[in-house]
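Working notes, structure below.
FYI, it's all coordinate maths here, none of it is from the lab. Please read all numbers here as calculations on a predicted model, not as lab measurements. Neighbour counts are summed over all protein chains in view; Cβ atoms, including those assigned to glycine, are modelled from backbone coordinates with ideal geometry.
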Amino acid sequence: MQAFFRKALVALILLLVVDALAAGFCIHQSHPSTSLIPQGRGWPHWRPVTTTDAALGGTSTIRILEPGQQSLRFDFRLTGAANYPYVAADMLLEDSQGNAMPADLSRYTTVSFVAKCVPANSLLFAMPLFDARVAQPGKFWTYPSPSTYFSCSERGTPVSLDLTRLTIPPWWFGTYNVDPARQSYTLDQVAKFVFGISHRSPRDVASHVEISEFTLHGRDDRYLVALAIVVAAGWGAFAVWFLRAHARALAASLNARLNSDMPFVAYRELTLEPFKDKEKAAILQFIGMHFADPELNMATVSARIGADRKKINEILKTELGLTFTGYVNALRLTEAARLLNDRHGTPIADIAYSVGFASISHFNKLFKEEYGCTPGVFRSVATQQAAPPEPAPPTGTA
């Protein structure tokens, strides 16, 4: 059994290692993230684009600084020439060929970035979405644009926004005759990200904005479901293997133990001839013949054989390395194991009583200590081992 348990321990450790690796992979994949600033090598790509109030007669200006993919930096100045002065720096999403192309960002739910403003400011974050039912391709003012506001400071402010809980401006519904109750939207056609001014933005003041560490974050529960399936399947397979292998190892161990118990049977069935010491032979033979008597004790043997207790203990220790009680219990357990193996229909309690045990609980305790399993399990394994193979199906005759 020790070899089996060593093998089971190795299998358990391997299973735990595999589960840990699978858990690490699946948990990582279940929280996808994509960095747009700094721009990674993967998709989606973007390029900076600016928007001003020039179409409305305004004179506000905005300038992208050092165009690149490490940050989005721009200077702007708002003027009062237009009724609604406005400037914005956009991250326009595009394909690998550099063409504007809405991106499917439905696997993401939040965005985080660091916003630095000089002077401190409150800015607009918007996310125009292409909606074929309303929008005209390339005309971004026709796109529904869920948005929100955030604050930024001169030292830099970490910002985290829930992309699924932005608000579409009320004016858009009225302008394009869309039911204002239709506030829901999806992220499968995101055209760009917009950083624009708010009514709190200073007028006629040179302002600077820097957006960095712009990262999309998401959650994909499919990997967690896959992890649960893999873990359940792995542990299920381990349990099936463990039970079957344990049964085989237990059967082999019990067979070996039964064979090793034969010396006790031999002592019980011995004759006087092998022993020159007649007193020794008488003691062993008497115990071997009367071990099933629940009243058997040292006093009984001493009285019947005429040997003192010290002599009896000395013989048992010398011949078997056991005490009187240990030897009697070994004989009883050996006989009980034989009866459990031979008499499948006899109740276990009857077998316990027949070999000299007065208490079933005491018998069960000693049996488990001796054989490593309960009498019921022992009988089950012995029955399986003794079951004859099923006959082969008859073959046809010519």
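So here's what we get for this one:
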read-out	value
Acute angle (nearest 10 degrees) that the helix 2-30 long axis makes with the longest principal axis of the chain, alpha-carbon atoms	10
Nearest 10 degrees, 0 to 90: helix 375-386 Cα axis against the chain principal axis	90
Max mean-square fluctuation residue, GNM over the chain, Cα-Cα springs under 10 Å, options PRO294, PRO146, PRO48	PRO294
Highest-fluctuation residue, ALA132, ALA22, ALA191 considered, GNM on the chain with Cα pairs under 10 Å	ALA132
Solvent-free Debye scattering, log10 I(q)/I(0), computed from the Cα coordinates of the range 141-227 at q = 0.13, 0.19, 0.21, 0.24 Å⁻¹	-0.64, -1.09, -1.20, -1.35
Ascending count of other beta-carbon atoms within 10 Å, so fewest first, for VAL231, VAL17, VAL194, VAL87	VAL17, VAL231, VAL194, VAL87
Between 0 and 90°, nearest 10: helix 360-371 axis offset from the chain longest Cα axis	80
Mean ellipticity per residue at 222 nm, deg cm²/dmol - from DSSP H runs of n ≥ 4 across the chain, formula -39500 (n - 2.57)	-13500 deg cm²/dmol
Violating pairs (Cα-Cα greater than 20 angstrom) within the set LYS280/LYS317; LYS317/LYS368; LYS317/LYS365; LYS311/LYS365; LYS278/LYS317	LYS317/LYS368; LYS317/LYS365; LYS311/LYS365
Options [x] 42, 26, 22; [y] 92, 24, 17; [z] 35, 26, 21 - which one matches semi-axes √(5λ) of the Cα gyration tensor in Å as calculated here	[y]
Residues TRP241, TRP172, TRP46 arranged by fewest to most Cβ contacts within 10 Å	TRP241, TRP172, TRP46
Gaussian network model of the chain, Cα within-10 Å springs - most flexible of THR148, THR346, THR52	THR346
